[in-house]
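Trainee: Dropping the structure in here first, questions after.
The values are calculated or read from the model by the stated rules, or taken from the named source; none is laboratory data. Since the model is a prediction, treat every value here as computed from it, not as a measurement. Backbone-built Cβ (ideal geometry, glycine too); neighbour counts: all protein chains shown. Accessible surface areas use protein heavy atoms only, side chains included; no ligands, DNA or RNA. Shrake-Rupley method; radii C 1.70, N 1.55, O 1.52, S 1.80 Å.
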Amino acid sequence: MILTDYTLQIVSLGSALLGIISGILGSFAVIRKESLLGDAISHSALPGIALAFLMTQSKKTEILLLGALISGLLSTFIILSIVKYSRIKFDSALALILSVFFGGGIVLLTYIQKIPNANQAGLEKFIFGQASTFLKRDIEIMGILGIVLIALVLIFWKEFKIVSFDRDYAESLGFSSQRVNGLLFIMIVTAIIIGLQTVGVILMSAMLTAPAVAARQWTNKLSVMVVLSALFGAISGVIGTILSSLVSKLPTGPMIVIVISIIVIFSLCFAPNRGLIWKYFRDRKKQRTINEDQVLVNLYHLAMNHEDLNHSHNISIIKPDKSMTAKSAKELTKKLESLGSRGLAKKDYFNKWAITEKGLEYVENYFKKEEL
Amino acid sequence: MSPQMEIQIIAVIVAVACSLPGVFLVLRKMSMMSDAITHTILLGIVIGFFMVNSLTSPFLIVGAALMGVITVFLTEMLNNTKLVSEDSAIGIVFPLLFSIAIVIISRYASSVHLDTDSVLLGELAFAPFNRMKVFGVDIGAKAIYSMGGILIINLLFVIIFFKELKIVTFDSALATVLGFSPSLIHYSLMTIVSITAVGAFESVGSILVIAFMIGSPVTAYLITDNLKSMIVLSGLIGGLNGILGYQLASLLDVSIAGSMAVMTGVVFLLVFIFSPSRGLLTIVSRRKRQKIEFAGKSLMFHIYNHEGKEDEALESGIYTIRGHLQWNEKFLKLIIEELKDKEKIYIKDDIIKLTKSGREYAIKSYEEIVSGF
């Protein structure tokens, strides 16, 4: 029944579109270490929305979003200028402009409230987002903008890739990296503006950052990352929407953010190669070989001192340790067993150990490597 | 005391209290942490509320401050995995915690007065209604005392640990050598930031907390190089922003917190443009001056290189030199006039020549540039 509900279909479609768009452009923002820019821009869009309403008295989505786009771009421009013309760092400029613009937006909203006949109801939805108010027209606007953005990404793929990874190299190649950067900024701002209606200004930064961060864990290739990021964005959009409709009084925006955050945590833990779980096992294995190597080196020195390769030693001699407990003795035996199975050490009938020819060679190679 | 007066006093206290830890956030490049913390303390308040079932309990403040520190901790933990860059770590942690808070509020606390709008925006106009009473005697708005207390804590913290804060901020390696832990100071600072944010956001909202914490120190940063004067200036600027913002708000009858944030922006903009040492006007004119100076040197090197050579007439000819330097005509004219005024060059038979002092100057600056490498 839920799947045939018209409103839900519209809302899920909208959230999915949002996830795809912010997933794709978020990838670039994350690579360029500009993910917090999303936070600043989304807050800065508020005065634009209020001004657009004040000037046109219209609540049409496209007009409000145009206002948001202009003030988002203006704030980006100001942030970049502050960084360029003063010693103020990027993060301070972000925080400053974010609070000033948002404060301005609030001033305008309270001003609108006082104007007689101006029905401002519905403007606040941009602060927290209200996907449930989606209309079919909104989806169409999102769809068209989405297609334009994706087409632009495809057309300028190579340029975007170069300016994102290596600005200096881009400069040296001779194409105007400033213009490409500008275009990419405009596109990122557009993606943020599109998301405002669904998740609101505060949570939009998560939509820009999280899908891309999750995707990054699974691949080292930008193209794969962008596709995965769009996929994660779409999945979280749809699941978040469905969850919020299944349970009463669950807001859509925060649910979407929670779902995408779970995807991020899962990716951080389980993604092959980069994932924390794999890293943990890798580190443990590495630690074990290092420990084993140490034991083998002890055996090597004992063999050298006795001038007899086959002279076997008791474990308390192999690793002299005053406080040798039953547990550490067991661990040492385990390491020796492991060395034995690798053919580097051998055990005689009295549970005494000696190094093998192969072990000797291994240790000597090891020292040679160290000298290099 | 009139409510108007009280509101302005509260604003000034909040502004100064916020600017104290704010200075160090700005200098340590952690400004966006203020944004994260001001949002996530909401979760601390919500959880605290469900544990004690009261909105006025001091336990809420403890919970909120703790959540601020947890935010910092989680961000750093995420950052330490090296899988996520620092900015992305902030961008993931705080929306998640904030989302959880919103979900809990909308699901369970809709009957309680815990309204997300007021968290973000605050309502300074209501602050004077909340009175502080001692033995039944009204001694002023409660916020004056709560924020006053926080202001004193912050002041003591900055005064007592001034040296430590300074060293950790500018040279954390040295701090380790000197034997005190940078991370201890770091977390103490973050606790102070959280407590301040919790205390302030009730009356002024989280957005104004950011404006006071970052806006005023950043403005002061454009004026001074000295840490002590930066701290004092930030407090003064914050107080000024608060008072001006209140005047603007009552003039237009709009949101008080909003117009204080706007005032922070206006004052910043004025300082950014007109500051005598680092203002935009100074920087632009300095850069222009440097450009002209450098161009003058290049021109003189060019003339010196071709002095007395066969191609001098062509290379240094007043009508032909433009083609060799590839400058635009207006710029070239400006440089030539400039150098002629300083008597570094003169024109003879339509060829630009160096004067004696010009030649010496060219050689000297050439050597300076070469030895610079």
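Trainee: Test of understanding: what is the full-extension gain from B:Asn130 to B:Val52, defined as 0.36 nm times their sequence separation minus their Cα-Cα distance? Write down the numbers at each step before the final one.
Mentor: Details: separation 78, 0.36 × 78 = 28.08 nm, distance 2.09 nm.
Separation in residues times 0.36 nm, less the Cα-Cα distance, equals 26.0 nm.
Trainee: When the Kirkwood radius is taken over all Cα pairs of the protein assembly as shown, what Stokes-Einstein diffusion coefficient follows at 20 °C and 1.002 mPa s, in µm²/s?
Mentor: 71
Trainee: Residue by residue through segment B:134-151, which ³J(HN,Hα) values in whole Hz follow from phi under the Karplus form 6.51 cos²θ - 1.76 cosθ + 1.60 (θ = phi - 60°), with glycine and proline marked x?
Mentor: Calculated HN-Hα couplings, in order: 10, 6, x, 9, 6, 10, x, 5, 4, 4, 4, 6, 5, 6, x, x, 5, 4 Hz.
Trainee: Per-residue HN-Hα couplings for segment B:276-287, Karplus 6.51 cos²θ - 1.76 cosθ + 1.60 at θ = phi - 60°, whole Hz, x for Gly and Pro?
Mentor: x, 8, 10, x, 4, 4, 4, 5, 5, 5, 5, 5
Trainee: When the dipole is taken about the Cα centre of chain B, and only Lys, Arg (+1) and Asp, Glu (-1) are charged at their Cβ, what size is it in debye, to the nearest 20?
Mentor: Numbers: 29 positive and 30 negative charges, 92 e Å.
That gives a dipole near 440 debye.
Trainee: GluC sites (Glu not before Pro) within segment B:338-372: which are DSSP loop residues with at most 14 other Cβ atoms inside 10 Å?
Mentor: On the way: sites: B:Glu338, B:Glu343, B:Glu360, B:Glu367, B:Glu368; in loops: B:Glu343.
Filter output for segment B:338-372: B:Glu343.
Trainee: Once you've got the GNM for chain A with C-alpha springs shorter than 10 Å, pick whichever of A:Ser338, A:Ser328, A:Ser229 has the biggest mean-square fluctuation.
Mentor: A:Ser328
Trainee: I'd like the accessible area for B:Phe294, computed on protein heavy atoms only with a 1.4 Å probe and all protein chains in place. Round to 10 Å², please.
Mentor: Counting only protein heavy atoms, B:Phe294 exposes about 130 Å² to solvent.
Trainee: What is the average number of partner chain Cβ atoms found within 10 Å of a Cβ in B:207-217?
Mentor: Numbers: counts 9, 4, 1, 8, 7, 1, 2, 11, 7, 1, 2.
Counting Cβ atoms of other protein chains within 10 Å of each residue's Cβ and averaging gives 5.
Trainee: Of B:Thr191, B:Thr196, which has the most accessible area and how do the rest follow, probe 1.4 Å? The partial results should precede the final answer.
Mentor: Values: B:Thr191 55, B:Thr196 0 Å².
Sorted by accessible area, descending: B:Thr191, B:Thr196.
Trainee: Suppose we flag trypsin sites (Lys or Arg not before Pro) only when DSSP calls them loop and at most 14 other Cβ atoms lie within 10 Å. Which is the longest uninterrupted stretch of chain B?
Mentor: On the way: sites that count: B:Lys29, B:Lys82, B:Lys309, B:Lys342.
It runs B:83-308.
Trainee: What is the spin-label model distance, in nm, from B:Glu367 to A:Arg342 if the labels are put 7 Å beyond Cα along the C-beta direction?
Mentor: For B:Glu367 paired with A:Arg342, the spin-label model returns 6.5 nm.
Trainee: Also: Along the positive direction of the dipole of segment B:122-212 (beta-carbon charges: Lys, Arg +1; Asp, Glu -1; about the Cα centre), which of B:Ser181, B:Gly148, B:Phe161 reaches farthest?
Mentor: With unit charges placed on the Cβ atoms, the residue in question is B:Gly148.
Trainee: Still on this structure: Given the options B:Ile13, A:Thr325, B:Gly63, identify the residue whose Cα lies farthest towards the positive end of the charge dipole of the protein assembly as shown (+1 on Cβ of Lys, Arg; -1 on Cβ of Asp, Glu).
Mentor: A:Thr325
Trainee: Let me ask something additional. Report, by chain and number, residues whose modeled amide H sits under 5 Å from the one on A:Ala345, excluding near sequence neighbours (fewer than 5 apart, same chain).
Mentor: Sorted by chain and number, the residues that satisfy this are A:Gly340, A:Thr356.
Trainee: Here's something else I'd like to know. Please tell me the relative contact order of chain A in percent, rounded to the nearest whole number, where contacts are Cα pairs under 8 Å and at least six residues apart.
Mentor: Details: 507 pairs, mean separation 79.4, N = 372.
Relative CO of chain A lands at 21 percent.
Trainee: Summarise the accessible area of segment B:219-300 (1.4 Å probe, protein heavy atoms) by the percent that is carbon and sulfur. Walk me through the numbers on the way to the answer.
Mentor: Working: 2650 of 3840 Å².
That fraction is 69 percent.
Trainee: Taking the 0 to 90 degree range and rounding to the nearest ten, how far is the long axis of helix B:329-341 tilted relative to the main principal axis of chain B, both from C-alpha atoms?
Mentor: Approximately 70 degrees, to the nearest 10.
Trainee: Using the structure shown, select from B:Lys330/B:Lys356; B:Lys288/B:Lys348; A:Lys33/A:Lys279; A:Lys33/B:Lys291; B:Lys288/B:Lys342 the pairs with a Cα to Cα distance greater than 20 angstrom.
Mentor: Values: B:Lys330/B:Lys356 26 Å; B:Lys288/B:Lys348 29 Å; A:Lys33/A:Lys279 24 Å; A:Lys33/B:Lys291 32 Å; B:Lys288/B:Lys342 18 Å.
Checking Cα-Cα distances, B:Lys330/B:Lys356; B:Lys288/B:Lys348; A:Lys33/A:Lys279; A:Lys33/B:Lys291 exceed 20 Å.
Trainee: Would you kindly find the accessible area of B:Ile347, with a 1.4 Å probe and non-protein molecules such as ligands, DNA and RNA excluded, rounding to the nearest 10 Å²?
Mentor: 60
Trainee: Please list, ordered by chain and number, the residues whose modelled amide H lies under 5 Å from the amide H of B:Ser255; skip anything fewer than 5 residues away on the same chain.
Mentor: A:Thr110, A:Tyr111
Trainee: If you don't mind, there's one more thing I want to ask. Over what distance in Å are the Cα centres of segment B:174-200 and segment B:306-373 separated?
Mentor: The distance from the Cα centre of segment B:174-200 to that of segment B:306-373 comes to 58 Å.
Trainee: When the dipole is taken about the Cα centre of the protein assembly as shown, and only Lys, Arg (+1) and Asp, Glu (-1) are charged at their Cβ, what size is it in debye, to the nearest 20?
Mentor: On the way: 67 positive and 56 negative charges, 151 e Å.
With Lys and Arg at +1 and Asp and Glu at -1, about 720 debye.
Trainee: Further, regarding this structure: Roll a 1.4 Å probe over the protein heavy atoms and report the accessible area of A:Met304 in Å², nearest 10.
Mentor: Using a 1.4 Å probe on the heavy atoms, I get roughly 80 Å².
Trainee: Can you work out the FRET efficiency for the pair A:Trp278 and B:Glu76, with r the C-beta to C-beta distance and R0 = 22 Å, to the nearest 0.05? List each step's numbers first, then the result.
Mentor: On the way: r = 22 Å, r/R0 = 1.01.
Step by step, r from the Cβ atoms, then E = 0.50.
Trainee: Hey, another quick one. Name the residue farthest towards the positive end of the dipole of segment A:116-254 from the options A:Thr190, A:Met207, A:Gly237, assuming +1 on Cβ of Lys and Arg, -1 on Cβ of Asp and Glu, about the Cα centre.
Mentor: A:Gly237
Trainee: Now, a different point. Could you give each residue of segment A:267-278 its phi-based ³J(HN,Hα) in whole Hz, using Karplus coefficients 6.51, -1.76, 1.60 with θ = phi - 60°, and x for Gly or Pro?
Mentor: 5, 4, 7, 10, 4, x, 6, 7, x, 5, 4, 4
Trainee: List, in the order given, every pair from B:Lys133/B:Lys163; A:Lys249/B:Lys142; A:Lys60/A:Lys114 whose Cα-Cα distance in the structure shown is over 29 Å.
Mentor: Numbers: B:Lys133/B:Lys163 39 Å; A:Lys249/B:Lys142 34 Å; A:Lys60/A:Lys114 21 Å.
Long pairs (Cα-Cα over 29 Å): B:Lys133/B:Lys163; A:Lys249/B:Lys142.
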